[in-house]
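Read through the structure below, which is laid out as structure tokens, and then see the notes.
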Amino acid sequence: MDVGMMMIYSSYGWEEGSDGQMWEEELRLAEIAADSGFDCLWSAEHHFNDYSFVPDNLQLMTHLAAKHTDTDVGTAAVILPWHNPLRVAENAAVLDLLSGGRLRLGFGRGLARREFEAFGMSMDESRERFDEAAPMIVDALNTGFIEGNGKYYRQERTEIRPRPQHSFDGRIYAVAASDESVISAAKLGAHIIMFADRPWEMRMPGIERGRALHREFHGTEPPNLLLTEFAICGTDLAQTEEEARQYQGKFVESNFYHYEFLGDHFKSVKGYNAYQQKADMARAAGLDGAVEGFMKAASWGTPDKILRGLEERRAIVGDFELNVAFRFGGIPLDIAERSLKLFAKEVLPVLKEW
């Protein structure tokens, strides 16, 4: 199994600490993960708020690729509606050149109204913008030329320089939490990225739909899913359960806040019907119910418990790639380091044998 570490770069849940401190501590965890044999370092793109602040994850990954020369780097994800596709293709080509072909390029379309508003953009356009930009970028990285004649991106045929040096086949990823995003990911031939926020049985209709569409569009077997989650690992089961309820719970709270899941604005935004359903479920269950569902999907506990949970997940969804965050929701650095090091020592070697 391919196992990476996800970096959030968040201050939500911490009462003290500067943005610089949060970044320094996350980079410390990245160093531990790279030295411990994790396959890839991943990060999302988020702006302006304490939920997560990585405004340029390709820039971050350029730093990490130079520092950790035996580890892949990945974006989960670059939010395409906020960017010019030509610039994304150029930046990705440079990073892939400098890293010797170690970039895994993941795309998303964005979900937080507050981020779209700060950019002066309408969420109504996000699906169309994504579906125009993503294939332009993928084609550019595989052919060396970018062009487009869509509603939003009219791009004369232009050569990417430096020319892409490696094929991106098998290295394209796309976040897919809604039916429309599953279709978009399948058209790209991308690894589907899903986050641990609900029991995995509930994810299976979308997963099977994505696999079937990939076979229909490409005539090949689909690439493995990338399942991103938020783990707490320790030797004391009762203690880790208490920590999970506190810190995974605080992370769920941060999602409620950042994405406004207790509101009803998704119903009036084009292409976000699936998220209105999730918002309705969140409102009905409340924070406590959402935390319970999150804890059933994510990993926490002793190494043995975590491995048994991942075995059960594998039985449900089949083979997958794993992407694990160890710092979120106000977790102190010492607990994050403890979780990461114990996971690396006792869980990671077993997963590598799967």
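The values are calculated or read from the model by the stated rules, or taken from the named source; none is laboratory data. Model, not experiment: these values are computed from the prediction. Positions of Cβ are backbone-derived with ideal geometry, glycine not excepted, and every protein chain shown enters the neighbour counts. Surface accessibility is based on the protein's heavy atoms, side chains included, excluding ligands, DNA and RNA. Shrake-Rupley method; radii C 1.70, N 1.55, O 1.52, S 1.80 Å.
For this structure, a couple of remarks:
- The chain - percent relative contact order, Cα under 8 Å, separation 6 or more: 21 percent
- Accessible area of K187 (1.4 Å probe, protein heavy atoms only, ligands and nucleic acids ignored): about 130 Å².
- Phi angles of region 255-263 translate, via the Karplus equation with coefficients 6.51, -1.76, 1.60 and θ = phi - 60°, into HN-Hα couplings of 5, 4, 5, 5, 8, 6, 5, 8, x Hz per residue; Gly and Pro are given as x.
- Efficiency of FRET from Cβ geometry, M202 and S268, R₀ 30 Å, rounded to 0.05: 0.75
- Cα-based radius of gyration of the chain once divided by 2.2 N^0.38 Å, which approximates compact folds: 0.94
- Computed over the chain with a Gaussian network model linking Cα atoms closer than 10 Å, the most mobile of R127, R114, R104 is R114.
- Counting only protein chain heavy atoms and rolling a 1.4 Å probe, the accessible areas of L98, L237, L141, L342 rank, largest first, as L98, L237, L342, L141.
- Taking every protein chain into account, the accessible area of the chain amounts to 42 square angstrom per residue (probe 1.4 Å).
- Subset of K151/K278; K305/K345; K296/K345; K151/K187; K296/K352; K305/K341 violating a 21 Å alpha-carbon distance limit: K151/K278; K296/K345; K296/K352
- Degrees between helix 57-67 axis and first principal axis of the chain (Cα, 0 to 90, nearest 10): 70 degrees
- Two-site label geometry, R215 and E242: point separation in nm, points 7 Å out along Cα→Cβ: 4.9 nm
- Separation of region 179-198 from region 25-52 is 22 Å, based on Cα centroids.
- Accessible area of T235 (1.4 Å probe, protein heavy atoms only, ligands and nucleic acids ignored): about 120 Å².
- Across all directions, the average flat footprint of the convex hull enclosing the Cα atoms of region 143-239 is 10.0 nm².
- Ranked by solvent-accessible area (1.4 Å probe, protein heavy atoms only, all chains present), the residues K250, K296 order from largest to smallest as K296, K250.
- The dipole here belongs to region 59-180: it is taken about the Cα centre, uses +1 on the Cβ of Lys and Arg and -1 on the Cβ of Asp and Glu, and is about 320 debye.
- Listed residues D56, D124, D72, most fluctuating in the chain (Gaussian network, C-alpha, under 10 Å): D124
- Per-residue ellipticity at 222 nm computed for the chain from its helices equals -15000 deg cm²/dmol, with DSSP H segments shorter than 4 residues left out and the rest contributing -39,500 (n - 2.57).
- The chymotrypsin sites (Phe, Trp or Tyr not before Pro) of region 140-189 that DSSP puts in a loop, and whose beta carbon has at most 14 other beta carbons within 10 Å, are Y152.
- Between 0 and 90 degrees, the angle of helix 204-218 with respect to the longest Cα principal axis of the chain falls at about 30 degrees.
- Placing H166, H68 in order of accessible area, with the largest value first and a 1.4 Å probe, yields H166, H68.
- Stokes-Einstein D for region 39-167, Kirkwood Rh over Cα pairs, 25 °C, 0.890 mPa s (µm²/s): 163 µm²/s
- Other-chain or far-sequence residues with amide H under 5 Å of G234's (modelled H): G301, T302
- Degrees, to the nearest 10: 179-188 long Cα axis against longest axis of the chain: 60 degrees
- DSSP finds beta bridges in the chain, and of those with both partners inside it, around 15 percent are antiparallel.
- Region 10-108: C-alpha pair distances exceeding 22 Å, %: 31 percent
- Sulfur and carbon atoms: percent of accessible area, the chain [1.4 Å]: 47 percent
- According to the Cα-based calculation, Rg over Rh for region 201-354 is 1.01, with Rh computed by the Kirkwood formula.
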